[in-house]
Amino acid sequence: MNFFKGSEVKFLFIILLIFTFISTVSAHFYVSNQVKRFDENIPQLKNSYKTLSANINKTRKKISFYSQVIDVQQLLDEFDISTKNYSTYDLAYTIAKESKQHQIDPYLILAMIKTESSFRIKVVSYKGAVGLMQLLPDTAYYISDKRSDLNLNKRNELFDPVANIRVGINYFAYLKDKFNGNEKYAIMAYNFGPTNLKKYLSRNYSLPSFYYNRVMANYKNILKMNNQV
């Protein structure tokens, strides 16, 4: 028995088609509207992502830096450095900060201090080199004049470990620049003098390697102490 006549079936089919069409159009309109809104928000989303990425990267760098400060502090404690006015954290922070600024490995700076003074703050060499990084006063004044934030005026200021470290690292950075980024030559020149080293290089003399080898031996030992080798 047929409940619907042919015309009624046709009518219902048309109604269904119309409903489907309306639903499809509505869905299309909704999706298009959402896509449009999404497109409008893309620049904002991109900016938010860039800001978030920048903040994450900045935080990661801070964590890495302070982790290095703690590593250097622990090494200074191992070497039993003694100072009244500063903690080993203060010295470690100075070494890490100045090294980072000049793209120098802070553990290499520790190796140079170990070689120069064995971490004795008040030591003076027979040539008159002073303090942790064994700086000659005239050299220290020359480097200080190149930096507005160093302000070194008297020889006795080189007994201040923070000032000594800052000037010493800046001097080493100056030597690296003078020898076109050649770290080996910079280390040699720190002990032998840049003028003498340039003379040796220009005349193809055998380079003095004793000091450099000592620094490298101390550097290797320090890395081993820090579980890096």
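Kindly indicate whether ALA186 is within 21 Å of HIS102 (Cβ to Cβ), under 21 Å from the mean Cα position of the chain (by Cα) and surrounded by 15 or more Cβ atoms within 10 Å (Cβ to Cβ). So that I can check it myself, show each step before the final result.
Working: within 21 Å of HIS102 (Cβ to Cβ): yes; under 21 Å from the mean Cα position of the chain (by Cα): yes; surrounded by 15 or more Cβ atoms within 10 Å (Cβ to Cβ): yes.
Against the criterion (within 21 Å of HIS102 (Cβ to Cβ), under 21 Å from the mean Cα position of the chain (by Cα) and surrounded by 15 or more Cβ atoms within 10 Å (Cβ to Cβ)), ALA186 qualifies.
Scanning the range 133-161 for residues that are part of a helix (DSSP H, G or I), open to solvent by 30 Å² or more (accessible area, probe 1.4 Å) and not acidic (Asp, Glu) yields THR139, TYR141, TYR142, LYS146, ARG155, ASN156, PHE159.
For residues in the range 123-132 being in a loop (DSSP other than H, G, I, E, B) and not small (Gly, Ala, Ser), which is nearest to ASN191 (Cα to Cα)? Outline the logic, then answer.
Filtering the range 123-132 for residues in a loop (DSSP other than H, G, I, E, B) gives 123, 125-129, 131-132.
Going one step further and asking which of them are not small (Gly, Ala, Ser), we end up with 123, 126-127, 132.
On the way: VAL123: 16, TYR126: 14, LYS127: 12, LEU132: 14 Å.
Taking the candidates together, the pick is LYS127.
Would a scan of the range 136-143 turn up a residue that is acidic (Asp, Glu) and within 26 Å of LYS62 (Cα to Cα)? Checked the range 136-143: no residue is acidic (Asp, Glu) and within 26 Å of LYS62 (Cα to Cα). Within the range 177-196, residues that are modelled with pLDDT of 95 or more sit with their Cβ atoms under 7 Å from residues that are open to solvent by 70 Å² or more (accessible area, probe 1.4 Å), at 6+ positions apart or across chains, in these pairs: PRO194/LYS178.
Against the condition at pLDDT 95 or above and surrounded by fewer than 20 Cβ atoms within 10 Å (Cβ to Cβ), how does VAL167 come out, does it pass? Before you say what the answer is, go through the steps one by one.
Details: at pLDDT 95 or above: yes; surrounded by fewer than 20 Cβ atoms within 10 Å (Cβ to Cβ): no.
Taking the combined requirement at face value, the residue does not satisfy it.
In the range 169-181, is there at least one residue being among the charged types (D, E, K, R) and more than 25 Å from ASN196 (Cβ to Cβ)? No - not one qualifying residue is present in the range 169-181. Among the criteria (1) in contact (Cβ under 8 Å) with a residue 40 or more places away in the chain; (2) under 22 Å from LEU135 (Cα atoms); (3) open to solvent by 50 Å² or more (accessible area, probe 1.4 Å), the one MET225 does not fulfil is (2).
The values are calculated or read from the model by the stated rules, or taken from the named source; none is laboratory data. Here the structure is a predicted model, which is why all the values come from computation and not from measurement. Glycine gets a Cβ as well: all are built from the backbone with ideal geometry, and neighbour counts include every protein chain shown. To get the accessible areas, we keep the full protein, side chains included, count just its heavy atoms, and leave off ligands, DNA and RNA. Shrake-Rupley method; radii C 1.70, N 1.55, O 1.52, S 1.80 Å.
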